[in-house]
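Working notes, structure below.
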Amino acid sequence: MRVNPFAVLAAFAADWNRLAPVLDPAARRSLRGRLTELRSLIANGAAVSDRESAAGRAVDGVLGSLPADEAARLRHEGGTARFAGASAATLEPGFQGYSAIDLCLLVLDDNPMVGPDLGPIRDRLLAEPSTPWHLAADPRLIVLSDRNGRKSLPLFQFEAGAMPRQPRQTWRPWRPWRIVLEVNTLLGADRDPWGAADWWLSRTTWWEGTPAALLGGGRDTELRGAAEALVAPDGE
């Protein structure tokens with residue numbers, strides 16, 4: 001039975017929280033290196049054979065680092081998956097809605113937004129207007145990363161008059177909304193940028209639209225109050 005290496009990696013991603021503690025530091029470093037290679041090949045549209053070989057090397061590292069029973073389980077799950085080949089094998093979900101790219105996000109970016117439940121939320125938030133992240137950006141701003149590890153800043157965080165009207169070659173320190181920085185701090189955007197972005201960009205029971213749509217409308221007190229209520233201990 002031919003094992004689909006992408007499905008093995010996807011199965012590992014699906015069980016990451018349980019299996020990750022089994023990996024020792026050396027195994028983690030090796031896996032990072034092999035997944036970095038795989039993601040680069042996928043992002044650059046490398047030949048199918050090259051992507052498959054890189055996935056196979058990553059699988060060898062994973063299986064060699066796990067207890068025999070866990071390695072056997074992953075081999076079985078990779079062997080029962082239909083070997084899709086070409087782009088389907090690298091980009092489409094390989095096991096229970098997880099993909100090899102999901103493992104890249106978990107290992108390389110510490111990005112928890114993977115799988116059939118959180119992956120669509122990640123994609124929805126990344127579809128919002130954004131600008132590339134820069135080291136000079138205020139650390140209180142929400143920073144999101146895509147499937148290739150590219151970081152970006154959702155544009156709703158900046159005052160309308162400071163947003164770029166056209167793409168620029170060099171980064172400019174656009175002025176963030178003060179209330180955005182305050183609310184981001186309350187929501188712990190440095191620890192959970194996806195949760196903070198979802199709060200800003202999702203419709204709530206507080207207002208007709210999204211919190212982000214209220215920026216610049218003299219509603220800062222309401223925004224701050226809503227964020228404070230969200231993070232307040234029960235009963236306070």
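The values are calculated or read from the model by the stated rules, or taken from the named source; none is laboratory data. All values derive from a computational prediction rather than experimental measurement. Note: ideal-geometry Cβ built from the backbone for every residue, glycine included; neighbour counts use all protein chains shown. What goes into the accessible areas is simple: the full protein's heavy atoms, side chains included, and nothing from ligands, DNA or RNA. Shrake-Rupley method; radii C 1.70, N 1.55, O 1.52, S 1.80 Å.
Tabulated data for the structure shown
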| item | result |
| --- | --- |
| Extension gain, ALA72 back to THR36 (0.36 nm per residue minus Cα-Cα distance, nm) | 10.5 nm |
| Rounded percent of accessible protein surface that carbon and sulfur make up, the chain, 1.4 Å probe | 50 percent |
| Per residue value of the accessible surface for the chain (all protein chains in place, 1.4 Å probe), Å² | 54 Å² |
| Projected label distance in nm at GLU222 and GLN96, using a 7 Å step from Cα toward the beta-carbon | 4.2 nm |
| Computed magnitude of the charge dipole of the chain (debye, nearest 20; Cβ of K, R +1, Cβ of D, E -1) | 840 debye |
| Rounded FRET efficiency, nearest 0.05, which uses the C-beta distance separating THR185 from ASP146 and R0 of 30 Å | 0.75 |
| Theoretical FRET efficiency, 1/(1+(r/R0)^6), r = Cβ-Cβ of HIS134 and GLU159, R0 25 Å, to 0.05 | 0.90 |
| Most to least packed among 186-194, 63-71 [average Cβ atoms within 10 Å] | 186-194, 63-71 |
| Inter-label distance, nm, simple model (7 Å from Cα along the C-beta direction), ILE121/ASN17 | 1.2 nm |
| Per-selection metrics, the chain (Cα): Rg and Dmax in Å | 20.6, 64 |
| The chain - mean residue ellipticity at 222 nm from DSSP helices (-39,500 (n - 2.57) per run, n ≥ 4, rounded to 500) | -16000 deg cm²/dmol |
| Peptide ranges 54-62, 147-155 listed from the most packed, as the mean C-beta count within 10 angstrom indicates | 54-62, 147-155 |
